[in-house]
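Visitor: Encoded as structure tokens, here's the structure I'll be asking about.
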């Protein structure tokens, strides 16, 4: 069966937008690799929700290239047009993460989505965060300046929500250095909200490509210390995504038909021993979650997070919250928590 699409006008517009953003990002990264004579290409992978009856998506994956060690630019649209008992009409999103090879090149996470109920109400979710291992303040300011220009009225609130969402209580620090997050955003002016989502997505993508280009043209040699900092930071990223990130967790709880895609945000390698040192910082039952995640990692240093490991990690997270449903309240949040899992039930 072929993939089907949501019928509502706003859902169609949202899919057009996120698909355009997807192509913009993939083309920008591939063009950068060509300009620098470096090898990096993306491969399209399609996945289907309920064999396409409820939609699905296409992600562009890349790995082990000259620029990017792991990268995924995922667009999806899940809908329930044929299921009148569902409250949710559709959910349309681009969610992307890029982890470069070079320690001086920051990782980036961008998410733009439109969620629409059967009654026509809906909201946008906009996230963009810069994640370097070196804390480059120039890159941070460049990224935030671009987002402020794209969303001048919303910028202060978005930064406050982002700083809240990406804080890691157990480690008393943030993931990333530049955070932008708007949750359940709807002003009642559909065209203005659409244009804001478009402006935020384009600014986040274009500015990141520029930052990445600057870091790659810097020919300073990479040191062992920088590589160690990158591995530690990637371990922190792994930790935050799998123990705190609400989007990842809810995606895994809603269905099991795109586990590899949902886990596309994970870096290629993590430090198992460093993760183990954080177990004692975790409240119950999240300490068990972290230990179970560590236990499925390869006993190597560093530990490779490949497709088979991602599948195991996804099942660990899913099983944990099925056994401890109350633990979902310990997940990260901004100023509001949308009932995403319940919407899909």
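Read-outs: derived from the displayed coordinates by stated rules, not from any lab. Values in this document were obtained by computation on a predicted structure and should not be read as measured data. Cβ atoms come from the backbone with ideal geometry, glycine included; neighbour counts cover every protein chain shown.
Visitor: State the Cα centre-to-centre distance between segment 1-66 and segment 259-304 in whole Å.
Guide: 28 Å
Visitor: Oh, and also: Counting other beta carbons within 10 Å of each Cβ, put 182, 196 in order, fewest first. Walk me through the intermediate numbers first.
Guide: Values: 182 25, 196 21.
Taking fewest neighbouring Cβ atoms as first place, the list is 196, 182.
Visitor: Still on this structure, I have one more. What is the gain in length, in nm to one decimal, between residue 85 and residue 195 on full extension, counting 0.36 nm per residue of separation less the C-alpha to C-alpha distance?
Guide: Values: separation 110, 0.36 × 110 = 39.60 nm, distance 3.18 nm.
Answer, rounded to one decimal: 36.4 nm.
Visitor: Roughly speaking, what is the stretch gain from residue 186 to residue 217, that is 0.36 nm per residue apart minus the C-alpha to C-alpha distance, in nm to one decimal? Walk me through the numbers before you get to the answer.
Guide: Working: separation 31, 0.36 × 31 = 11.16 nm, distance 4.05 nm.
Going from the current span to full extension adds 7.1 nm.
Visitor: Right, something else. At 222 nm, what value in deg cm²/dmol follows for the chain if DSSP H runs of at least 4 each add -39500 (n - 2.57) and the sum is divided by all its residues, to the nearest 500? Write down the numbers at each step before the final one.
Guide: Values: 11 runs with 151 residues, N = 345.
Taking each H run of at least 4 residues, the total per residue is -14000 deg cm²/dmol.
Visitor: For a Förster distance of 30 Å, can you work out the FRET efficiency between the beta-carbons of residue 296 and residue 12, rounded to the nearest 0.05?
Guide: Values: r = 40 Å, r/R0 = 1.33.
Calculated value: 0.15.
Visitor: Choose one answer from 248, 187, 164: the residue with the largest mean-square fluctuation in a GNM of the chain with alpha-carbon springs under 10 Å.
Guide: Residue with maximal mean-square fluctuation among 248, 187, 164: 187.
Visitor: Return a whole-number percent for the relative contact order of the chain, with Cα pairs under 8 Å and 6 or more residues apart as the contact set.
Guide: After rounding, I find 15 percent.
Visitor: Along the Cα→Cβ direction, 7 angstrom out, place labels at residue 322 and residue 37. What is the inter-label distance in nm?
Guide: Distance between label points: 5.3 nm.
Visitor: Put a dot 7 Å past each Cα toward the Cβ at residue 171 and residue 58; how far apart are the dots in nm?
Guide: Here the modelled spin labels are 3.5 nm apart.
Visitor: Please identify, among 97, 329, 110, the residue showing maximal mean-square fluctuation in a Gaussian network model of the chain using a 10 angstrom Cα cutoff.
Guide: 329
Visitor: Let me ask something additional. How much length, in nm to one decimal, is gained on full extension between residue 206 and residue 164, taken as 0.36 nm per residue of separation minus their Cα-Cα distance?
Guide: Values: separation 42, 0.36 × 42 = 15.12 nm, distance 2.50 nm.
Gain on extension, residue 206 to residue 164, equals 12.6 nm.
Visitor: Select one label from (i) 0.98; (ii) 0.94; (iii) 1.14: the one whose number is Rg/Rh (Cα atoms, Kirkwood Rh) as derived from the coordinates shown.
Guide: Correct label, based on the coordinates given: (ii).
Visitor: Mind ordering 139-151, 68-80, 290-302, 224-236 by average Cβ neighbours within 10 Å, highest first? Mind showing how you got there, number by number?
Guide: On the way: 139-151: 19.8, 68-80: 23.8, 290-302: 15.5, 224-236: 17.5.
Ranking the peptides 139-151, 68-80, 290-302, 224-236 by packing returns 68-80, 139-151, 224-236, 290-302.
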